[in-house]
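The values are calculated or read from the model by the stated rules, or taken from the named source; none is laboratory data. Since this is a predicted model, take the numbers as computed values, not measurements. Here the Cβ positions follow ideal geometry from the backbone for every residue, glycine too, while neighbour counts run over all protein chains shown. Calculation scope for accessible area: heavy atoms of the full protein, side chains included, ligands and nucleic acids excluded. Shrake-Rupley method; radii C 1.70, N 1.55, O 1.52, S 1.80 Å.
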Amino acid sequence: EPEVTQTPSHQVTQMGQEVILRCVPISNHLYFYWYRQILGQKVEFLVSFYNNEISEKSEIFDDQFSVERPDGSNFTLKIRSTKLEDSAMYFCASRITGVEAFFGQGTRLTVV
Amino acid sequence: DAKTTQPNSMESNEEEPVHLPCNHSTISGTDYIHWYRQLPSQGPEYVIHGLTSNVNNRMASLAIAEDRKSSTLILHRATLRDAAVYYCILGSGSARQLTFGSGTQLTVLP
């Protein structure tokens, strides 16, 4: 069964460093998303991406965040200068056109 | 997005049916009812969705009230693997973002 793949599973970075989280969505999907979940809290929407551009973003997704689909298969989330409060699980998701979204297993980002 | 209300937690015995309720009194006519679940240390997983009619799939059934102000996710025989947080989410049928609430933590007792 096709699945969304995220790497790495766990990343530790120092405050102020740049980090790139990587995702390989399901190959024929058209819509791509990043969500995050701070430990013990709700899953929060960050950004959606369609047709090579951002279609929606939340207030969390400020200028420190960017997304890219550089090669038609990978979908990346970059945080330019990490803060302690960026520590969370980051989930990538994709969907073709219908309702069902497929989520990856997540990347645990720890900022120290 | 319209708001949903779910119990914080529920318990069930293994191999018994589970009915997970969701209230959504402000649902709009175009809102679909989506259910996702999140197993421990995993990403959310799609369970089922519906608009007006009851729906069945291999994982669960979705019963939607006639006025659409509430719905119930039915797991016909709970297994230990069904222990998860279950989220009831309203949204359009198009590929928009999902707004997760706190969900219902389902505990399945052996």
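For the condition open to solvent by 10 Å² or more (accessible area, probe 1.4 Å), within 17 Å of B:Gln38 (Cα to Cα), more than 14 Å from the chain's Cα centre (by Cα) and among the basic types (Lys, Arg), what is the one hit in B:Arg81, B:Arg96? Full working, then the answer.
On the way: B:Arg96 fails: within 17 Å of B:Gln38 (Cα to Cα).
Answer to the check: B:Arg81.
May I ask you to list the residues in the stretch B:1-36 that are among the aliphatic types (A, V, I, L, M) and in a strand (DSSP E or B)? Scanning the stretch B:1-36 gives B:Met10, B:Val18, B:Leu20, B:Ile33. Within the stretch B:2-42, the set of residues being open to solvent by 10 Å² or more (accessible area, probe 1.4 Å), over 13 Å from B:Lys69 (Cα atoms) and at the interface with another protein chain (Cβ under 10 Å from one of its Cβ atoms) comprises B:Gln38, B:Ser41, B:Gln42. Checked against the criterion of being within 27 Å of A:Ser48 (Cα to Cα), touching a Lys or Arg at 6+ places or on another chain (Cβ under 8 Å) and part of a loop (DSSP other than H, G, I, E, B), the stretch B:37-48 contains one or more residues that satisfy it. Across the stretch B:53-71, the number of residues qualifying as within 14 Å of chain A (Cβ to nearest Cβ), over 17 Å from B:Leu106 (Cβ atoms) and not charged (D, E, K, R) comes to 2.
When the stretch A:20-45 is filtered for residues that are touching an Asp or Glu at 6+ places or on another chain (Cβ under 8 Å) and more than 23 Å from B:Tyr86 (Cβ to Cβ), only A:Ile26 remains.
Give the residue that is farthest from B:Gln97 (Cα to Cα), with candidates limited to residues of the stretch A:103-112 that are under 15 Å from the mean Cα position of the chain (by Cα) and open to solvent by 10 Å² or more (accessible area, probe 1.4 Å). Spell out the reasoning first.
Keep residues of the stretch A:103-112 that are under 15 Å from the mean Cα position of the chain (by Cα), which gives A:103-110.
Now narrow it down to the ones that are open to solvent by 10 Å² or more (accessible area, probe 1.4 Å): A:103, A:105, A:108, A:110.
On the way: A:Phe103: 12, A:Gln105: 18, A:Arg108: 21, A:Thr110: 25 Å.
Once the filter is applied, the top-ranked residue is A:Thr110.
Kindly provide the set of residues from the stretch A:41-61 that are within 9 Å of chain B (Cβ to nearest Cβ), open to solvent by less than 60 Å² (accessible area, probe 1.4 Å) and not in a strand (DSSP E or B), ordered by number. Hit for the stretch A:41-61 is A:Ser58, nothing else. Within the stretch A:23-40, being surrounded by fewer than 18 Cβ atoms within 10 Å (Cβ to Cβ) and part of a strand (DSSP E or B) holds for one residue alone: A:Val24.
From the list A:Glu100, A:Glu85, pick out the single residue that is open to solvent by 40 Å² or more (accessible area, probe 1.4 Å) and either more than 22 Å from B:Phe100 (Cα to Cα) or facing another protein chain (nearest Cβ under 10 Å) (or both). Can you show your working first?
Values: A:Glu85 fails: either more than 22 Å from B:Phe100 (Cα to Cα) or facing another protein chain (nearest Cβ under 10 Å) (or both).
Only one candidate qualifies: A:Glu100.
I'm told B:Thr104 meets every condition in (1) in contact with an Asp or Glu (Cβ under 7 Å, 6 or more places away or on another chain); (2) open to solvent by less than 20 Å² (accessible area, probe 1.4 Å) except one. Can you identify the failing condition by its number? Result: B:Thr104 fails condition (1) only. Candidates in the stretch B:64-73 are the residues that are open to solvent by 30 Å² or more (accessible area, probe 1.4 Å) and in a strand (DSSP E or B); of these, the one that is nearest to B:Thr52 (Cα to Cα) is B:Ser70.
Any residue in the stretch A:1-16 that is open to solvent by less than 50 Å² (accessible area, probe 1.4 Å), touching a residue at least 40 places away in the same chain (Cβ under 8 Å) and of a type in the set (A, V, I, L, M, F, W, C)? Yes, because at least one residue in the stretch A:1-16 is open to solvent by less than 50 Å² (accessible area, probe 1.4 Å), touching a residue at least 40 places away in the same chain (Cβ under 8 Å) and of a type in the set (A, V, I, L, M, F, W, C).
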